[in-house]
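What follows draws every value from the coordinates through simple rules; no lab data is involved. No experiment lies behind these values; they were computed from the predicted model shown. Every residue, glycine among them, receives a Cβ derived from its backbone with ideal geometry; neighbour counts consider all protein chains shown.
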Amino acid sequence: MSRAAEDTNRRMLRARDAMDRAYAQPLDVPALARIAHVSQAHFTRTFRATFGETPHRYLQRRRVERAMFLLRETDRAVTDICFAVGFGSPGTFSRTFRDIVGRSPRTYRREATPANVPTCFTMAWMRPAG
Amino acid sequence: MFNAITHSQIYVLDQDEALDFYVGKLGLEVNADVDLGFMRWLTVNVPGHPDRQILLEKPGPPALSEETAQQVRELVTKGATGGSLIFSTDDCRKTYETLLGRGVEFTEEPTERPYGIDCGLRDPFGNNIRFTQPV
């Protein structure tokens, strides 16, 4: 039973790593379930049980976090950043960003300060929660 | 007061598998591999730098109860124990290619950062490892 749980955790972590790595690609549940070597039916439920949120939500927040990073650390155009992190349209990007961060991408850019610590920590800690 | 960090510890789920990975793939060397009876004291270091060792500790009794060890194992496999190592390298991209060729599972490709080029991987258990080519 417990060895099975470890194996499942590791598979879910592998899928989560894929989202951290390939957030800009179109990642859907079938693709992620294949990475995790589980059936689609079990994937979303198991991922949520393991990490406390659905894969879709995890990916959305990862994309927003990466957008926050690019807004903070580069002077690339907001529309560029939208596509660079995997959103399909500027409208969806702005709406999702505002829902999660509570500010528009432009306001965030104006107010943010660079965080000069190793990326693994900014990726883990600056992904917006809640 | 203190003058160095000599040992750091991470949890691994199987010490032989850990050796295959940390020595066989990452190219570290064994510093100590001693059967103390109550535990296998297994440390590795970067070749030529025995002054800083990583203890590859297996969670289990008597240090931890079976139940607690199981909880630790589950956290390790979720990537949640905080086991984390950051190495430095002379050539991040070349090291990445070498390790990729050895079948290492990466979490991030080499990426330019203000502090250097770095990338990320996981050990076979779920611990987070990175290496950076400093600017």
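Tabulated results
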item: Percent antiparallel among DSSP beta bridges (both partners in the range B:52-135, rounded to 5); result: 70 percent
item: Convex hull projection area averaged over all views, the protein assembly as shown, Cα basis, nm²; result: 16.7 nm²
item: For chain A: relative contact order, % (alpha-carbon pairs under 8 angstrom, 6 or more apart); result: 22 percent
item: Rounded to 10°, Cα long-axis angle of helix B:92-101 versus longest principal axis of chain B; result: 60 degrees
item: With Cα atoms, 0 to 90° folded angle of helix B:66-77 axis to chain B main axis; result: 10 degrees
item: Given charges at beta-carbon only (K, R positive; D, E negative), |dipole| of the range B:63-135 in Debye; result: 60 debye
item: Estimated inter-spin distance, A:A31 and B:D90, nm [label 7 Å along Cα→Cβ]; result: 3.8 nm
item: Simple label model, 7 Å out from Cα along Cβ direction - B:R102 to A:S104, nm; result: 5.1 nm
item: Zone of A:R48's modelled label, taken as backbone nitrogen in the range A:1-39 under 12 Å from a point 7 Å along Cα→Cβ; result: none
item: Extension gain (nm, one decimal) between A:R57 and A:A4, 0.36 nm per residue minus Cα-Cα; result: 16.5 nm
item: Dipole magnitude of the protein assembly as shown about its Cα centre (Cβ charges: Lys, Arg +1; Asp, Glu -1), debye to nearest 20; result: 1440 debye
item: Nearest-ten-degree value, helix A:55-73 long axis tilted from longest Cα axis of chain A; result: 30 degrees
item: Per-residue HN-Hα couplings for the range A:11-16 [Karplus 6.51, -1.76, 1.60; θ = phi - 60°; Hz; x = Gly/Pro]; result: 5, 5, 5, 4, 5, 5
